[in-house]
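Beneath this line is the structure, given in structure tokens, with notes to follow.
The values are calculated or read from the model by the stated rules, or taken from the named source; none is laboratory data. Note that the coordinates shown come from a computational prediction; the quantities given were computed from them, not determined experimentally. Backbone-built Cβ (ideal geometry, glycine too); neighbour counts: all protein chains shown.
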Amino acid sequence: MKIHEYQARDLLASYNIPVPAGEVITSADQAVQAYKSIVKDAGSTLAVVKAQVFAGGRGKAGFVKLVNSPDEALEAAKFMLSNKMVSAQTGADGLEVNKVLIAAGVDIANREDGNPDEYYLAITTDRNSRVNTLIASREGGVEIEQVAHDNPDAIIKTTIHPILGLQPYQAREVAFKLGFKGKQIGQAVKIMLALAKLYTDKDCSIAEINPLVVTDATEANPHGQVMAIDAKFNFDDNATFRHKDIAALYDPTEDNPAEVRASKMGLSYIALDGNIGCLVNGAGLAMATMDTIKLFDGEPANFLDVGGSATEEAVTEAFRIILSDEAVNGILVNIFGGIMRCDIIAQGIVNAAKEIGFTIPLVVRLEGTNVDAGRKILEEAAGDLPTLQAASDLGDAAQKVVAAVG
């Protein structure tokens, strides 16, 4: 589960991690008042207007704008709320913007080389070591994947003990490596420890601050203030039942409607760009099915796992979800009957197909318990379902569906 930047800022603040003041709006009419409220106590007219969408590349797309007056804030909000954001992460169709964050601007200090004093800080699970890991870099404000590719030595990784958690000495060591000085070190250490606690407390899958910045020196802060000005959080869906505060932050308008619909039925569905719909039981088998379709020059339209004990109702809804994608012009069903018998699965598929009324090719491959009885049911149903084809194995099924869609 993902949340918006403004929600991530609130979460950071609740763990005493400094963030600039901000206010989220849903209408351009609210922009002027929000701007005035933000800059009133900021000591500066600078503010930033940022589209709240689940995608990166907002700055390059023109959906992050610095403003210095109420009129500029209004103009920026109008633009963002009336245009789709298109970036490398959204695809050509772009994303609608329903919320905009107006936040106080921050005067970021410059390093000796003239570059902004920005850092990357995150915690996630290292798949190789299978433990939570603190990741940090002096190259903040850019995509960490690009940094890792271009300059892997710029990435600092620190393993977090699964019971003891991140230790203060580890955070201090990272702060020194990042080049923090004076009181900045203590500030950075507190932020790292707080982020580690937040990550564990809320069952995050990633907690990311990018960038973490040092502000210009002032009389009150002669060394500058270490502060988070952007953040991203993902949460373990399987753990949200014990975090009602986090579950309440979920915004279904930012997710694919078909994926939301599938989730309500207990189905795992992810939309893709192909034209062959896939209905499979088991995540591994679903991946193998998509790979085999690709092997025979086809393009899967989705990943869809109906689970090991799929009901007829779930199969029917799965078909409806697949067919809601106008690009789909053929469906491959690949079921291994373990706990659930193939004859019951076959009858469910036939009933669902008849209820929906198929007009596109439907290729079904069954294997497992009572497979012969299941195949017989499919053969007998062929008269009522002229688009239905039975397949002997996965390779045969993939070839048939690819041929059927042309």
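Observations, loosely collected:
- Restricting the first member to segment 313-341 and to residues that are in contact (Cβ under 8 Å) with a residue 12 or more places away in the chain and in a loop (DSSP other than H, G, I, E, B), and the second to residues that are among the acidic types (Asp, Glu) and surrounded by fewer than 21 Cβ atoms within 10 Å (Cβ to Cβ), the beta-carbon pairs closer than 9 Å and six or more apart or on different chains are Ala327/Asp273.
- Residue selected from segment 166-194 under the condition part of a helix (DSSP H, G or I) and free of Cβ contacts under 8 Å to residues at least 12 places away in the same chain, by the criterion farthest from Asn221 (Cα to Cα): Tyr169
- Pairs, first under 14 Å from Ile123 (Cβ atoms) in segment 134-156, second at pLDDT below 85, C-beta under 9 Å, six or more apart: Ile135/Ile144; Ser137/Ile144; Ser137/Val147; Ser137/Ala148; Ser137/Asn151; Ile155/Ile144; Ile155/Val147; Ile155/Ala148
- Contact annotation: residue pairs with Cβ atoms under 8 Å, 6 or more positions apart or on different chains, pairing a residue in segment 291-310 that is under 19 Å from Ile349 (Cβ atoms) with a partner that is hydroxyl-bearing (Ser, Thr, Tyr) and modelled with pLDDT of 95 or more, are Pro300/Thr289.
- Residue within segment 42-53 that is crowded, with 20+ Cβ neighbours inside 10 Å and assigned to a loop (DSSP other than H, G, I, E, B) present: yes
- Condition met for Ala13 (in contact (Cβ under 8 Å) with a residue 24 or more places away in the chain, farther than 30 Å from Glu259 by Cα and either in the same structural domain as Gln225 (by TED's automatic domain parsing) or not in a loop (DSSP other than H, G, I, E, B) (or both)): no
- Residue match in segment 337-350 (condition: in contact with a strand residue (DSSP E or B) (Cβ under 7 Å, 6 or more places away or on another chain) and either at pLDDT 90 or above or within 22 Å of Ala258 (Cβ to Cβ) (or both)): yes
- Restricting Ala77, Ala73 to those that are assigned to a helix (DSSP H, G or I), farther than 30 Å from Ala188 by Cα, within 28 Å of the chain's Cα centre (by Cα) and outside the structural domain of Ile270 (by TED's automatic domain parsing) reduces the list to Ala77.
- Residues in segment 156-178 that are surrounded by 13 or more Cβ atoms within 10 Å (Cβ to Cβ) and within 26 Å of the chain's Cα centre (by Cα): Ile156, Thr158, Thr159, Ile160, Gly165, Leu166.
- Some residue of segment 380-396 being of a type in the set (A, V, I, L, M), in a helix (DSSP H, G or I) and either more than 17 Å from Leu267 (Cα to Cα) or assigned by TED's automatic domain parsing to the domain that holds Lys264 (or both): yes
- Where Leu66 falls short, out of the listed (1) out of contact with any Asp or Glu (no Cβ under 7 Å at 6 or more places or on another chain); (2) buried (at least 17 other Cβ atoms within 10 Å of the Cβ); (3) assigned by TED's automatic domain parsing to the domain that holds Ser27: (2)
- Qualifying positions in segment 342-378 - part of a helix (DSSP H, G or I) and either polar (S, T, N, Q) or under 19 Å from Thr292 (Cα atoms) (or both): Gln347, Asn351
- Scanning segment 317-339 for residues that are over 24 Å from Thr292 (Cα atoms) and surrounded by 16 or more Cβ atoms within 10 Å (Cβ to Cβ) yields a single hit, Glu317.
- When Gly114 is tested against the conditions (1) in a loop (DSSP other than H, G, I, E, B); (2) touching a residue at least 60 places away in the same chain (Cβ under 8 Å); (3) of a type in the set (Gly, Ala, Ser), the lone failure is (2).
- Selection count where residues are more than 24 Å from Ala109 (Cα to Cα) and either in a strand (DSSP E or B) or in contact with a strand residue (DSSP E or B) (Cβ under 6 Å, 6 or more places away or on another chain) (or both), scope segment 131-148: 5
- Segment 289-306, residues that are within 27 Å of Asp343 (Cα to Cα) and surrounded by fewer than 16 Cβ atoms within 10 Å (Cβ to Cβ): Asp291
- Qualifying residue in segment 259-274 (condition: surrounded by 15 or more Cβ atoms within 10 Å (Cβ to Cβ), within 19 Å of Val364 (Cβ to Cβ) and more than 20 Å from the chain's Cα centre (by Cα)): yes
- Of all residues in segment 179-209 being more than 27 Å from the chain's Cα centre (by Cα) and among the polar types (S, T, N, Q), the one that is surrounded by the fewest Cβ atoms within 10 Å (Cβ to Cβ): Gln184
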